[in-house]
Each structure stands twice: as structure tokens, then as C-alpha cells.
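This report refers to the structure that appears directly beneath it.
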Amino acid sequence: MSLSSHIARRFLFSPKSHSVINIVSRVSMVAVGIPVAAMVILMSVFNGFDDLVRRMYGEFDPDLAVLPAGGKVFDPATMDVAAIAALDGVAGVSFVLEERALVEYRGRQMAATVRGVDSLYGRVVDMKKMMWAGRMFDDGKGDQGVVVGQGIAYNLGFRMGFSTPMRFLVPRRGSFSSLLPMSAFSMDEARVDGIFVLDADTDGEYIIAPLGFAQRLFDYGNGATSLTVRFAADAPGKRLKADIEKIVGENFRVLTRYEQKASMYRVMEMEKWGVFFIGFVVLLIASFSIVGSLIMLIIDKRPGIRTLRAMGATTRFVRRVFIRQGMMIGVAGAAGGLVLGTAVCAAQQLFGVVRLPGATFLVDSYPVLMRGMDIAVICAAFLTVIYIITTFTVVKTIGRRDL
């Protein structure tokens, strides 16, 4: 420990010092520690929700989606699917046709996304473990059965065991008579074979249908909107993406799971750092409490400063003593805040102390995930602010003449 640090520690933590100023210094530690703890907790909660969303969509979205570079639909015959499926690390491929439709059931209507899938879809997305009632349709027994999300079933009043088919209406592609409004729509019906459950956004939006039914409903012939790909465990995703891009050529785009919903993940990231900025502003305001306590400490230690000057200490040395003292206050407060924030996050992870209101099929308490990078950013930002504030205060308070 350097001499300036030793003197600063003696000034701040001397057992013979019990003045109000030392009590104020300890209050300053608490004042800066609470915002640090709050930032650790908030960032960890955002990380928890981010991880939950990524895992949630990881169940329903493929690892890779190959889409046409131009237009919406492509002919599967134009793609070398066998070469893609033969790549080392590819566990499954499946063609998908996805489009919006108006769904009607017993007088109730709502808009939904129909995802037409082929018989290999189970290798890409494990729908069986999402099934809440009924079963996933079987192409071998006809292509009219569909599987609906629980949210859609609830909104339409559907219950398993009812024989009433579900009706689908979509705008007709091509010409139609303006004198017959219903001719502007194509209509088809399908029985409901099952209900799946994942999350409110997904099972309130999607209907899984056989690919043939979707192609007939939307009048796309043999077209598909994407080829979905699933990787094997521990497969090199970046290398496989590059290999698939070489196979499909410039006529197709290859998107990872996160690129498929880039805007959503970008918004989540912006929200997280928006919370960080708000917490940082609170932390900045709390840091100014150190200014007052540091000025009072300088005034209180005037005899000690004179003694140091008499022993030959320069103004620069004296300033360094009190800069170290201010940093000790800040670091002690930040350390306490980190311990408190980490303890709260650990308790939430282990015991789920704070519960989520209402019912959910995924988690019943706030998810928390601590990341070392976030804690490092919080510490770096806080220490930078403390150093700037402390240095400015000391330089302006301690001049070249004795106090």
C-alpha cells in the first residue's frame, strides 16, 4: 500500500475518529451502494427475460431459415435440398409456407398466421412436446387436419371433441367480380386435430397446417416461403450457414434464428441499455453525495494537512491523499452494492422470491441471469464517474496554500 493510500485509510477509518463527518462518509457509501445494487438487479432481470425469450422462440423457430432473395414464394424444386440435408451437423430440413388468414369458428372470427409444414417438420420443430390436447396431424391420414395454438382456441371458443370444422378465408389471388364481394376471397375448411401451448404470443398467433392444405388455401401451387433447418447439438452454426449459402446461391437469403426476429431482439437490447442509462443517471446523482462528505473531511483534517505540509508533503501529494479517500468511499459503497445486488439475484434464482402476477406456462417468478460483462460495465462506469467527481472536488478545494 502506498503512503498516500495509507494516510487516506487512516483519515477515513481511524478507530479514534467518531465525528459526524465520518458518519456522513458511511452514509455516502450507502447512497452510492443502493443504485449499484439496483442496476445489477435490473440488468440481471432483463438478461433473464432476454434468455427466456430466446429459449422460448428457440423451441418454435428453426436454427436457420432459407428465404427467397426476391418475392415471397419459391419453387422447392429450384433448391438442392439433398445437399443441405447431407451436410455434417444438419439434423433436419423442412419446407414451410406461412401466410396470414382470417379464421372463423362458430360465428367467431380472428386473424391468424397459418404455417403450412411438410411431413419432415417434426425433425426441425418438436411439436409433440408442445401438444396440450389432441395430436399433431398425420399426413398419412389426409391433409385436412390442423393444430391450433391455445390462445386461438380460447378466442374462438374451440374445445376438443367438437366436430365443427374451422373455416379459413384469404384474399383471392387473381381476378374476381366486384359485383360478388365473396368472390374476392378463397375459402377452405379443416378439422382441428390438436391444440399446442408455448407462449401467449406464439399460441395466440399460429395455426400449424399440412403444407398441401396451405398451398391450396393460398393458391401458391407447389410453392413454399422458406426452407427451415435444424442443427444437431454442438454443430458449428457459422460454418453451416456459410456452407448453405454456397449451396443455395445468390437467389436465397440464409437467416439465423436471431436474424429472423432481428427487430424484436434489437428492441429488447435497446430497452436493457435504456434501463442502464436511467440507473446510471440515478447513480450519477447519488455520487454527488461524496462531494459533500469529501469537502467536510478536508475541512475536518486541516490539522493533519498542515502536519503533512510541515513534513514536506507537496500539494500534489495532499490532493492524492484525498482523491484516494474519495475513491475508497466510492469503492466501498460499490462493493457493498455489488454484494447486495448479487445476493438478491442469487436468492431470486434459487428460491423465486418475487413471483410473476397471473398464470404462465413458462415461469412463475421473475427470471434472473447475471452476466459478468454487465457487472464489469457497471463497475467501470461507476468508478470513472467517482474518479472524475473526486478529482475535480479535491483540486478545487485544496489550493497551493494551507487551509
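In this structure, ARG26 does not qualify as at pLDDT below 85, of a type outside the set (A, V, I, L, M, F, W, C), more than 30 Å from LEU297 (Cα to Cα) and not in a loop (DSSP other than H, G, I, E, B). Any residue that is aliphatic (A, V, I, L, M), assigned by TED's automatic domain parsing to the domain that holds ASN222, in contact with a helix residue (DSSP H, G or I) (Cβ under 6 Å, 6 or more places away or on another chain) and assigned to a strand (DSSP E or B) - is there at least one of those in the stretch 72-92? No.
Selection within the stretch 189-248: residues that are under 21 Å from PRO68 (Cα atoms) and among the acidic types (Asp, Glu). The member of this set that is modelled with the lowest pLDDT is ASP219.
For the stretch 255-361, the helices (runs of 4 or more DSSP H) that sit wholly inside it and include 2 or more residues that are over 19 Å from VAL36 (Cβ atoms) and hydroxyl-bearing (Ser, Thr, Tyr) are 262-287.
Annotation note: of THR390, THR342, THR360, the sole residue that is modelled with pLDDT under 90, polar (S, T, N, Q) and surrounded by 13 or more Cβ atoms within 10 Å (Cβ to Cβ) is THR390.
Each residue in the stretch 114-136 was checked for being assigned to a strand (DSSP E or B) and closer than 18 Å to GLY212 by Cβ, and 4 pass. Residues that are surrounded by 14 or more Cβ atoms within 10 Å (Cβ to Cβ), over 28 Å from the mean Cα position of the chain (by Cα) and among the charged types (D, E, K, R) within the stretch 91-117 comprise just one, GLU104. Selection of first residues in the stretch 106-120 that are on the phi > 0 side of the Ramachandran plot and of second residues that are at pLDDT below 95 and part of a loop (DSSP other than H, G, I, E, B), restricted to Cβ pairs under 7 Å at least 6 apart or on distinct chains, gives the following pairs, ordered by first then second residue: ARG106/GLY157; ARG106/THR164.
The values are calculated or read from the model by the stated rules, or taken from the named source; none is laboratory data. The shown structure was predicted, so the numbers you read here are calculated from the model rather than taken from an experiment. When we count neighbours, we look across all protein chains shown, and the Cβ atoms used for this are built from the backbone with ideal geometry, even at glycine.
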